[in-house]
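Asker: This is the structure I want to talk about, given as structure tokens.
The values are calculated or read from the model by the stated rules, or taken from the named source; none is laboratory data. Computed from a predicted model, the values in this text were never measured in an experiment. Note that each Cβ is placed from the backbone with ideal geometry, even for glycine, and that neighbours are counted across all protein chains shown.
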2 protein chains.
Amino acid sequence: MKDLFLLNRDVTYLNFGSFGACPKEIFDDYIKWQYLLESDPVQFITVDGIDHLKKSAISLAKYINCNYQDLVFVSNPTYAVNLLAKNISLSLNDEVLSTNLEYGALDRTWNYYCKKQGAKYVAQPISLPIASKEQFIEEFWKGFSENTKVVFISQITSTTGLILPVKEICEEAKKRGLITIVDGAHVPGHINLDLSKLKADFYTGACHKWMMTPKGCSFLYAKPEFQHMLEPLIISWGYESDNPSSSKFFDYHQFNGTRDFSAFLTVPKAVEFMNKHDWKSISSRCKSSLLNQAPKLFDLLNVEPLAPLTNEFFGQLCSVEINTNFPEKLKQLLFEKHKIEIPIMLQGHKKYIRISYQAFNEIRDTEYLIYSLKDIASTTRLLTI
Amino acid sequence: MKDLFLLNRDVTYLNFGSFGACPKEIFDDYIKWQYLLESDPVQFITVDGIDHLKKSAISLAKYINCNYQDLVFVSNPTYAVNLLAKNISLSLNDEVLSTNLEYGALDRTWNYYCKKQGAKYVAQPISLPIASKEQFIEEFWKGFSENTKVVFISQITSTTGLILPVKEICEEAKKRGLITIVDGAHVPGHINLDLSKLKADFYTGACHKWMMTPKGCSFLYAKPEFQHMLEPLIISWGYESDNPSSSKFFDYHQFNGTRDFSAFLTVPKAVEFMNKHDWKSISSRCKSSLLNQAPKLFDLLNVEPLAPLTNEFFGQLCSVEINTNFPEKLKQLLFEKHKIEIPIMLQGHKKYIRISYQAFNEIRDTEYLIYSLKDIASTTRLLTI
């Protein structure tokens, strides 16, 4: 399967989660758009590209089940959440309820915008391991107060790689009259995503991770009735436009200066690629394999899984707490000596090693990781097992 | 010369000004970086790419004569000016002094941020044609008041394609204690740029126009003593960083989520390309040729040049007022029937057709444009000459 990708064959690639990887077929499509752009930049950027963008949005909307007019392409979920955090006006003492398992860049984003408005970002502590969905939900809502106005939550957490019950959270949030924002950076192409059922007010996902487009292709979905709240993060021609299109949401957020938006146009090819190779089956196999292999890591590192070891909580990611005082150095040694690409990340004061399983990963990759960790533990002070 | 580029040979390309065009050699370099990224996205985005970015910044800094640490790469000048306008705090009634010749997206940006703070964006009217540098400067400062805090001005205007005396404006602004921001979108690779002599507090330029990199490569320069004023436009890991680099300016503004930053890395190749092909001589020839050819357009459209017809005001762009009530349709017909790519734009209530001269343009391009305009004037109601 690795032949489908452009990845360096010498590296054991166990970090699909951070930035995905683009298969050759999708990459060729990317280059095709870039050539087309350069064959007449004016026609492409101002005329034809807009049609192509529409086709790409329609393809994506079909894939995640929403109306294409409720989507705009953005570079990444960080951009999308900045756009939202800038725009959702909070009063003094208002609260944004979240978890202590969120992505660090977005914790920073919410803290920044909350502080500006005298509001508070509540990163509700979640006990790990999570005992059950019910326990998670109960714990999450302990962070609720009469000041809570917004819920912000990851559908799959980054450092801890856990699937969270965001559908249930969104339903309860609506009963409580809250705005819901779901960070689905790790979701599209990874676990099933149906926006019509999830019913978040705002949702952002990356296509450049598990949908395997080139980097810089992500989306922001906003329910029609919430789109009017959003001013552009970057003001450009679409703001108070002389030639407005039929969608202010599109005009405000889709264009913000000259750039190569070819990555946005690769979604149809990515969907085609996944269909052609029956990627759903591949993904299922990866998930089963991960559930089978992960216990070897728990045993090695002498820890429990972060949640019940089922596909309710685990997809193609599994994070395992690891006992090291030198996470950066350990990661570096794994790469430099053992040629293993795997992240070791902090959440709070704990460190986690996160394994990704993608089409090209095999059981021997886990075994080699275990061998390498043992080697490091026995020859350095970077790791205690 | 057109063989150096990827442009469609069937089109008479007279609009290099809007989005440049990327020569094959530079485009190949772009693709090379993108392949390298996909060979190990984690290594590239988090480790090696940062070194490559530094090398690219050093190359750019040498080209425009500043310290590389005072530059960050941004997608485009619109991004850079949004970043500045968001951050420069204005009090009630403070004024940002500009001209009525600025780029529409940035007029929108300043109006938006000024309005938020109760400040005022003063688009000082400039009489056209400009009689002399001195007359321009005198007229510009008529917009000054005791409330003026910031000067924002294009070094080369977009719709009207005029070189403005920004060095003199910046010098006078400093005497008056104002912050100076120069929009040099059309400058790098077009006319000589020496930031050490220009002495603007902030300067933004596009590399994807006349420096011919792929789209989405631009820069923001900030004087060291002004960098502390700037919070990120997009909050990410670099804000209140756990692992700060030696430069807060870099940490705050260089990274804002996953994207393909290959375009930023093509600057060394673009500089090499320009040196190898003696692009300075080519640019000089284009400028002379434009001064020689433009009068044919003035005669046809029965107007005067917008400033004295010398290289003090004109580079490789020349805008000519055009008498049409249907600028969009006229532009479209020129493209569809005559295969000419040329913009027709509004500034205030006037319409301008703007010709660009690049290496591959020949005298017969102007002649063909004139022939086509005559054809349209005689067969449609789109144009009166």
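Asker: Tell me the residue from B:LYS223, B:LYS174, B:LYS167, B:LYS199 that is touching a Cys at 6+ places or on another chain (Cβ under 6 Å), closer than 26 Å to B:ASN147 by Cα and of a type in the set (D, E, K, R), please.
Answerer: B:LYS199
Asker: Go through the residues of the stretch B:68-82 one by one and say whether even a single one is more than 14 Å from chain A (Cβ to nearest Cβ), within 25 Å of the chain's Cα centre (by Cα) and either in a loop (DSSP other than H, G, I, E, B) or among the β-branched types (Val, Ile, Thr) (or both).
Answerer: Yes, there is a match, as at least one residue in the stretch B:68-82 is more than 14 Å from chain A (Cβ to nearest Cβ), within 25 Å of the chain's Cα centre (by Cα) and either in a loop (DSSP other than H, G, I, E, B) or among the β-branched types (Val, Ile, Thr) (or both).
Asker: Tell me which of these B:GLY20 doesn't satisfy, since it passes every other one: (1) away from chain A (no Cβ under 14 Å); (2) on the phi > 0 side of the Ramachandran plot.
Answerer: Exception for B:GLY20: condition (1).
Asker: Ok, one more. Counting only residues that are in contact with a helix residue (DSSP H, G or I) (Cβ under 8 Å, 6 or more places away or on another chain) and of a type outside the set (Ser, Thr, Tyr), which one in the stretch B:126-143 is farthest from B:SER18 (Cα to Cα)?
Answerer: B:TRP141
Asker: Quick one: A:ASP10 ticks every box in (1) in a helix (DSSP H, G or I); (2) more than 7 Å from chain B (Cβ to nearest Cβ) except a single one, so which number is it?
Answerer: Condition (1) is where A:ASP10 drops out.
Asker: So, in the stretch B:54-109, how many residues would count as being closer than 25 Å to B:PHE140 by Cα and polar (S, T, N, Q)?
Answerer: Going through the stretch B:54-109 one residue at a time, the tally reaches 10.
Asker: Give the residue that is nearest to the other protein chains (Cβ to nearest Cβ), with candidates limited to residues of the stretch A:203-214 that are assigned to a strand (DSSP E or B) and among the hydroxyl-bearing types (Ser, Thr, Tyr).
Answerer: A:THR204
Asker: So, of the residues in the stretch B:373-384 that are among the hydroxyl-bearing types (Ser, Thr, Tyr) and assigned to a helix (DSSP H, G or I), which turns out to be surrounded by the most Cβ atoms within 10 Å (Cβ to Cβ)?
Answerer: Once the filter is applied, the top-ranked residue is B:THR379.
Asker: So how many residues does the stretch A:265-275 have that are in contact (Cβ under 8 Å) with a residue 60 or more places away in the chain and either in a loop (DSSP other than H, G, I, E, B) or surrounded by fewer than 24 Cβ atoms within 10 Å (Cβ to Cβ) (or both)?
Answerer: Matching residues across the stretch A:265-275 total 5.
Asker: For a quick check of your reading of the model, give me the residue pairs whose first member lies in the stretch A:323-342 and is on the phi < 0 side of the Ramachandran plot and within 14 Å of chain B (Cβ to nearest Cβ), whose second is part of a loop (DSSP other than H, G, I, E, B) and surrounded by fewer than 22 Cβ atoms within 10 Å (Cβ to Cβ), with beta-carbon atoms closer than 6 Å and at least 6 apart or on different chains.
Answerer: These pairs meet every condition: A:PHE326/A:LEU382; A:LYS329/A:LEU382; A:GLU341/A:VAL11.
Asker: Out of all the residues in the stretch A:248-264, which are touching a strand residue (DSSP E or B) at 6+ places or on another chain (Cβ under 9 Å) and either outside any loop (DSSP other than H, G, I, E, B) or more than 8 Å from chain B (Cβ to nearest Cβ) (or both)?
Answerer: A:PHE249, A:PHE250, A:TYR252, A:HIS253, A:GLN254, A:PHE261, A:ALA263, A:PHE264
Asker: Which one of these is modelled with pLDDT under 95 and more than 11 Å from every other protein chain (Cβ to nearest Cβ): A:LYS2, A:LYS62?
Answerer: Going through A:LYS2, A:LYS62 in turn, just one is modelled with pLDDT under 95 and more than 11 Å from every other protein chain (Cβ to nearest Cβ): A:LYS2.
Asker: Of all residues in the stretch A:215-240, which are more than 8 Å from every other protein chain (Cβ to nearest Cβ), in contact with a Gly (Cβ under 9 Å, 6 or more places away or on another chain) and assigned to a loop (DSSP other than H, G, I, E, B)?
Answerer: Across the stretch A:215-240, the qualifying residue is only A:PRO232.
Asker: I'd like the full set of residues that are under 20 Å from the mean Cα position of the chain (by Cα) and touching a residue at least 40 places away in the same chain (Cβ under 8 Å), limited to the stretch A:312-322.
Answerer: Scanning the stretch A:312-322 gives A:GLU312, A:PHE313, A:PHE314, A:GLY315, A:GLN316, A:LEU317, A:CYS318, A:SER319.
Asker: Hey, another quick one. Which members of the stretch B:145-197 meet the condition of being free of Cβ contacts under 8 Å to residues at least 24 places away in the same chain and surrounded by 20 or more Cβ atoms within 10 Å (Cβ to Cβ)?
Answerer: Within the stretch B:145-197, just B:ALA173 meets the criteria.
Asker: Taking the stretch B:187-239, which residues are more than 11 Å from the chain's Cα centre (by Cα), aliphatic (A, V, I, L, M) and more than 30 Å from A:ASP107 (Cα to Cα)?
Answerer: B:ILE191, B:LEU193, B:LEU195, B:LEU198, B:ALA200, B:MET212
Asker: If you don't mind, another one. Would you confirm whether or not the stretch A:91-109 contains a residue that is more than 22 Å from B:LYS116 (Cβ to Cβ), over 21 Å from the mean Cα position of the chain (by Cα), more than 14 Å from chain B (Cβ to nearest Cβ) and touching a residue at least 40 places away in the same chain (Cβ under 8 Å)?
Answerer: Looking for residues that are more than 22 Å from B:LYS116 (Cβ to Cβ), over 21 Å from the mean Cα position of the chain (by Cα), more than 14 Å from chain B (Cβ to nearest Cβ) and touching a residue at least 40 places away in the same chain (Cβ under 8 Å), one finds at least one in the stretch A:91-109, hence yes.
Conditions (1) assigned by TED's automatic domain parsing to the domain that holds A:LEU233; (2) over 30 Å from B:LEU6 (Cα atoms); (3) not charged (D, E, K, R), marked per residue:
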position: A:THR12; (1), (2), (3): no, yes, yes
position: A:SER39; (1), (2), (3): yes, no, yes
position: A:ILE45; (1), (2), (3): yes, no, yes
position: A:ASP51; (1), (2), (3): yes, no, no
position: A:ASN65; (1), (2), (3): yes, yes, yes
position: A:TYR79; (1), (2), (3): yes, yes, yes
position: A:ALA85; (1), (2), (3): yes, yes, yes
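Asker: Of all residues in the stretch A:277-309, which are charged (D, E, K, R) and either in contact (Cβ under 8 Å) with a residue 40 or more places away in the chain or under 28 Å from A:ILE130 (Cβ atoms) (or both)?
Answerer: Those that are charged (D, E, K, R) and either in contact (Cβ under 8 Å) with a residue 40 or more places away in the chain or under 28 Å from A:ILE130 (Cβ atoms) (or both): A:LYS280, A:ARG285, A:LYS287, A:LYS296, A:ASP299, A:GLU304.
Asker: Report, by residue number, each residue of the stretch B:218-241 that is in contact (Cβ under 8 Å) with a residue 24 or more places away in the chain and either in contact with a strand residue (DSSP E or B) (Cβ under 7 Å, 6 or more places away or on another chain) or among the hydroxyl-bearing types (Ser, Thr, Tyr) (or both).
Answerer: B:SER218, B:PHE219, B:LEU220, B:TYR221, B:ALA222, B:PHE226, B:LEU230
Asker: With more than 13 Å from chain A (Cβ to nearest Cβ), under 22 Å from the mean Cα position of the chain (by Cα) and either crowded, with 22+ Cβ neighbours inside 10 Å or over 30 Å from B:PHE202 (Cβ atoms) (or both) as the only criterion, which of B:LEU306, B:LEU300 stands out?
Answerer: It is B:LEU306.
Asker: Take the residues in the stretch A:42-55 that are at the interface with chain B (Cβ under 10 Å from one of its Cβ atoms) and touching a strand residue (DSSP E or B) at 6+ places or on another chain (Cβ under 9 Å), then tell me which one is surrounded by the most Cβ atoms within 10 Å (Cβ to Cβ).
Answerer: Restricting to residues being at the interface with chain B (Cβ under 10 Å from one of its Cβ atoms) and touching a strand residue (DSSP E or B) at 6+ places or on another chain (Cβ under 9 Å), the top hit is A:VAL42.
Asker: So A:ALA307 clears everything in (1) among the small types (Gly, Ala, Ser); (2) touching a Leu at 6+ places or on another chain (Cβ under 7 Å); (3) within 30 Å of B:THR109 (Cα to Cα) except one condition, right? Which one?
Answerer: (3)
Asker: Here is a list: B:ASP242, B:ASP260. Which entry is surrounded by 24 or more Cβ atoms within 10 Å (Cβ to Cβ) and more than 30 Å from B:LEU101 (Cβ to Cβ)?
Answerer: Being surrounded by 24 or more Cβ atoms within 10 Å (Cβ to Cβ) and more than 30 Å from B:LEU101 (Cβ to Cβ) holds for just one of B:ASP242, B:ASP260, which is B:ASP260.
Asker: Looking at A:ASP29 and the list (1) more than 7 Å from chain B (Cβ to nearest Cβ); (2) crowded, with 17+ Cβ neighbours inside 10 Å; (3) touching a Phe, Trp or Tyr at 6+ places or on another chain (Cβ under 8 Å), which single condition is not satisfied?
Answerer: With (1) more than 7 Å from chain B (Cβ to nearest Cβ); (2) crowded, with 17+ Cβ neighbours inside 10 Å; (3) touching a Phe, Trp or Tyr at 6+ places or on another chain (Cβ under 8 Å) applied to A:ASP29, the lone miss is (3).
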